[in-house]
1. If you place +1 on the Cβ of every Lys and Arg and -1 on the Cβ of every Asp and Glu, how big does the dipole about the Cα centre of the chain come out, in debye to the nearest 20?
2. Counting residues in the range 9-131 as N, plug N into 2.2 N^0.38 Å and put the Cα Rg over that result.
3. Which FRET efficiency, nearest 0.05, do ASP85 and LYS49 yield, Cβ-Cβ r, R0 30 Å?
4. If N is the number of residues in the range 100-223, what value comes out of its Cα radius of gyration divided by 2.2 N^0.38 Å?
5. Between GLU56 and LYS14, with labels modelled 7 Å along Cα→Cβ, what's the label distance in nm to one decimal, could you check?
6. Exposed loop sites here are GluC sites (Glu not before Pro) in DSSP loop states with at most 16 other C-beta atoms within 10 Å. What is the longest stretch of the chain lacking them?
7. Would you order SER64, SER123 from fewest to most other beta-carbon atoms within 10 Å of each residue's own beta-carbon?
8. Just to be sure I follow the rule: in the range 30-163, considering lysines 8 or more places apart or on different chains, how many pairs have Cα atoms under 21 Å apart?
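What follows draws every value from the coordinates through simple rules; no lab data is involved. Since we're looking at a predicted model, the values are computed, not measured. Ideal geometry is used to build each Cβ from the backbone, glycine not excepted, and the neighbour counts take in all protein chains shown.
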Amino acid sequence: MKIVIAIGGSVLLKEENARMFKAYGEILKDISLKHQIFVVVGGGRPARKYIKIVRELGCGEAQSDAIGIEVTRINAQLLLSALGDYAYQSVPNDFKKALAFQESGKIIVMGGTEPSHSTDAVSTILAEYVNADLLINLTSVDGLYNKDPTKFDDAKFISEIPVQDLVKYLDGKDVKAGTYEFFDMTAAQMIERSNIPTIIANGDDPNNLIKIINGEKVGTKIV
Ligand code: UTP
C-alpha cells in the first residue's frame, strides 16, 4: 500500500527528547519494507512556543504560520535522522518535490507547506497527490469523542464517523496559527472530496501504527 502517516508534534515531542523519534524510526523502517511510506510531521509545543514569540513581536497570522512551518520542518529533519538510509535525506517543501523524491523508493518525510492550515491538511493534500491507499493521522488522543473527554466523564468514543459529519463537527473551530483543534477543517474537506480512507488514532503508543496497518480496529475511522 501507499500510506501517508501524519504524526502530531504533540506525539513526537511530548517529552522533548529522542525517545519517540527512535521508536517511530524503527517501526517506520519495518513498515517501509512492505509499503511505500510518506510521513508528515507536526510542530507540537516547540511550534506553539515560537508562534507565541513571533506574535509578541507584533507579527500577523501568516508570519506566525511561517514560523510554525519552519518548526515542523526541523521536526521532519529529526525524524530523518532517526530513519537514516531508509529515508530520502531531504525535507520536501512542496508536494511536487515530495512526488519527485518518491522515485527514490525511500521513506519521504515532510513538514508544513504554506500558511493557513496545519500539517493535518498537508497530509491529506499529500494523500491526494500520491493517490494514497490509506491516510493515518496519529495524535495524542484516542480519536473522536462526542464531547471533550478531558472535561466530560460521559463523553462517548466515536469509532466511525461519516466525513460529512466530521466537517459539520469542525465547523467554526479555531483556525489561527498554532491553535488547530482536534482536526483541521481543510483536511476534513479534502478527505470528503477525494474519499481518502482515513484513520485518526492515538500515536502515544507507536504500536498502534502496526495494528492499523494490519487491519485491527484502532482509533476513529472516517468513512
Ligand atoms: P501543526 O500541524 O503541528 O499544527 O503545525 P497544530 O495542529 O496546531 O499542532 P499539533 O502538532 O497537531 O499539536 C504547527 C503550526 O504551523 C503552521 C500553523 O500555524 C500550525 O498551527 N502551519 C503548519 C502552517 O501554517 N502550514 C502548514 O502547512 C503547516
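1. Magnitude of the dipole: close to 300 debye.
2. Scaled against compact globular proteins, the figure is 1.05.
3. Once rounded, the FRET efficiency stands at 0.40.
4. Expressed relative to 2.2 N^0.38 Å, the Cα Rg reads 1.07.
5. Placing both labels 7 Å along Cα→Cβ, they lie 2.8 nm apart.
6. Formally, the longest exposed-site-free interval is 17-180.
7. Ranking SER64, SER123 by Cβ neighbours within 10 Å, fewest first, gives SER64, SER123.
8. Taking the range 30-163 as the scope, the lysine pair count is 4.
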